[in-house]
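First comes the structure, then the notes that go with it.
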Amino acid sequence: MAAVIVTKENFEQEVLKSDVPVVVDFWAVWCGPCQLQSPELAKFGREHEGRVKTAKINVDEQPELSAQYGVQSIPTLILFKDGEEVKRTVGLQTLDKLNAEFM
């Protein structure tokens, strides 16, 4: 399953009210490490389909969400369970690191 594109309009439904944990990738088009993170997150999402959802928030297009969650460096990945932040990583994460951190 492809990552869900999250905006302030659908954040509550897609992330906070999700029935499975959600790994949210805060990223930007101009960010080199973010571009490298995207395929790793896609592999992670495919590997754990049905058990976890992956989502992407473009920090340039959604500055309110970035500010709300104190995102100052990207890529930042935040794991939400039951509407709450439970884990956060900053910087490029490999598939092995994603599995170790979020599963």
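Worth a mention:
- Here the simple spin-label model places points 7 Å from the Cα toward Cβ, and for Thr7 and Glu101 these points are separated by 2.7 nm.
- Here r is the Cβ-Cβ distance between Lys17 and Thr89 and R0 is 30 Å; the resulting FRET efficiency, rounded to 0.05, is 0.80.
- Within a Gaussian network of the chain (alpha carbon springs, distance under 10 Å), most fluctuating of Leu16, Leu79, Leu41: Leu16
- Long-range amide H partners of Lys53 with built H, under 5 Å: Val22, Val23
- Within-13-Å neighbourhood charge of Leu36 [Cβ basis; K, R +1; D, E -1]: 0
- A simple rule links phi to the HN-Hα coupling: the Karplus curve 6.51 cos²θ - 1.76 cosθ + 1.60 with θ = phi - 60°, which for the stretch 26-32 gives 8, 8, 8, 4, 7, 8, x Hz, with x for Gly and Pro.
- Cα-based shape type of the stretch 4-90, given that a ≥ b ≥ c are square roots of the gyration tensor eigenvalues and the cut on a/c is 1.5: oblate
- Counting charges near Leu16 (Lys, Arg +1; Asp, Glu -1) among other residues having Cβ under 14 Å from its Cβ returns a value of -3.
- Dipole in debye (nearest 20) - the stretch 4-90, about Cα centre, beta carbon charges: Lys, Arg +1; Asp, Glu -1: 280 debye
- Cα centroid of the stretch 23-44 to Cα centroid of the stretch 45-103, whole Å: 9 Å
- Under the Karplus curve 6.51 cos²θ - 1.76 cosθ + 1.60, θ = phi - 60°, whole-Hz ³J(HN,Hα) for the stretch 19-24, x wherever Gly or Pro sits: 7, 10, x, 10, 9, 9
- Listed residue (Trp30, Leu98, Gly70) projecting farthest to the positive dipole end of the chain, Cβ model: Leu98
- Rounded to the nearest 500, the 222 nm mean residue ellipticity of the chain from helices alone is -8500 deg cm²/dmol, with -39,500 (n - 2.57) taken per DSSP H run of at least 4 residues.
- Contact order, relative form, for the chain: 37 percent (alpha carbon pairs under 8 Å, 6 or more residues apart, mean separation divided by residue count).
The numbers here are math on the coordinates, done by the rules we state, and not lab data. All of these numbers come straight from a predicted model, not from anything done at the bench. So basically every Cβ, Gly included, is an ideal-geometry build from the backbone, and we count neighbours across all protein chains shown.
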